[in-house]
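Report on the following structure.
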Amino acid sequence: MPSIAPEREQQFQRMRDIAREIFTSALKNASIESAFARNVHCERRVLRVGEDLYDLDSYHRVFVVSIGKAAHTMAAALEAQVGSNLEGIVASSVEPASQVRGFRYFCGGHPIPNAESIRAADAILKSLTSLDSRSLVVFMLSGGGSAVVEKPVVTLEDDEISLPDLAATYGALVHSGAPIAEIN
């Protein structure tokens, strides 16, 4: 096999190094912390999310629902911006090393829902019904949320679809080769 000339080898190495720098930079900028640093700010109790402003002192409660594989990271990033006066629910398939104070944690299944997925949905629905017009609700969603939080539908016979039937349906869909949009 012919060898590559030293100049060409150096050229390939430079291209690899540049590609690695681009990849590393893209990963860093795609992180939740970076996204929050660019888009979420709280100053003098005024929360800015993109172009929207929320005067936190005008709300009786600030309730956060964070769902998906990145739910804990999003809740922690929001707390870093707003402070520790938040309350809410974190539902993820990933066990965090620590928990954000004021949040209830649920470890739902992914890609197949589990009993904790259903408990998370029930807790979210119950919490939301206890809020009033003086409450601000912040929803944060990441990938995996459709299995991590699941509320089975009620059939015509007023029976809820069982967890084993729900899990079997998800399993069939996940292994069907269908795109995620169709599965959802």
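The values are calculated or read from the model by the stated rules, or taken from the named source; none is laboratory data. These figures come from a predicted structure and were not determined experimentally. Note that we place each Cβ from the backbone using ideal geometry, even for glycine, and neighbour counts take in every protein chain shown. Protein only, heavy atoms only, side chains kept; ligands, DNA and RNA dropped before computing areas. Shrake-Rupley method; radii C 1.70, N 1.55, O 1.52, S 1.80 Å.
Things worth noting here:
- Pairs with Cβ under 9 Å, 6+ apart, first in region 8-31 and at pLDDT below 90, second open to solvent by 100 Å² or more (accessible area, probe 1.4 Å): E9/S3; N29/R38
- Selection within region 148-163: residues that are at pLDDT below 85 and outside any loop (DSSP other than H, G, I, E, B). The member of this set that is surrounded by the fewest Cβ atoms within 10 Å (Cβ to Cβ) is V154.
- Filter result for S127 (polar (S, T, N, Q) and either in contact with a Ser or Thr (Cβ under 6 Å, 6 or more places away or on another chain) or within 23 Å of L173 (Cα to Cα) (or both)): no
- Restricting region 94-127 to residues that are in contact with a strand residue (DSSP E or B) (Cβ under 9 Å, 6 or more places away or on another chain), in a loop (DSSP other than H, G, I, E, B) and under 22 Å from D165 (Cα atoms), the residue that is most open to solvent (accessible area, probe 1.4 Å): H110
- Residue match in region 127-140 (condition: more than 13 Å from F63 (Cα to Cα) and either touching a residue at least 24 places away in the same chain (Cβ under 8 Å) or under 14 Å from the mean Cα position of the chain (by Cα) (or both)): no
- Residue list for region 35-75, filter: open to solvent by less than 20 Å² (accessible area, probe 1.4 Å) and at positive phi: G68
- Failed item, numbered, when L78 is tested on (1) part of a strand (DSSP E or B); (2) surrounded by 17 or more Cβ atoms within 10 Å (Cβ to Cβ); (3) hydrophobic (A, V, I, L, M, F, W, C): (1)
- Applying the condition of being over 12 Å from the mean Cα position of the chain (by Cα) and basic (K, R) to region 31-81 and asking which residue is nearest to D132 (Cα to Cα) yields R61.
- Identity of the residue in region 83-92, touching a strand residue (DSSP E or B) at 6+ places or on another chain (Cβ under 9 Å) and open to solvent by 40 Å² or more (accessible area, probe 1.4 Å), that ends up farthest from A147 (Cα to Cα): N85
- Residues of region 58-77 classified as touching a Leu at 6+ places or on another chain (Cβ under 7 Å) and either modelled with pLDDT under 95 or over 13 Å from I32 (Cα atoms) (or both), total: 6
- Pair list, Cβ under 6 Å, 6 or more apart: region 93-104 residue without any contact (Cβ under 8 Å) to a residue 60 or more places away in the chain, other residue assigned to a loop (DSSP other than H, G, I, E, B): S93/K69; S93/G108; S93/H110; S93/G144; V94/K69; R101/S84; G102/L86
- Region 128-141, residues that are open to solvent by 30 Å² or more (accessible area, probe 1.4 Å) and under 12 Å from A91 (Cα atoms): F139, L141
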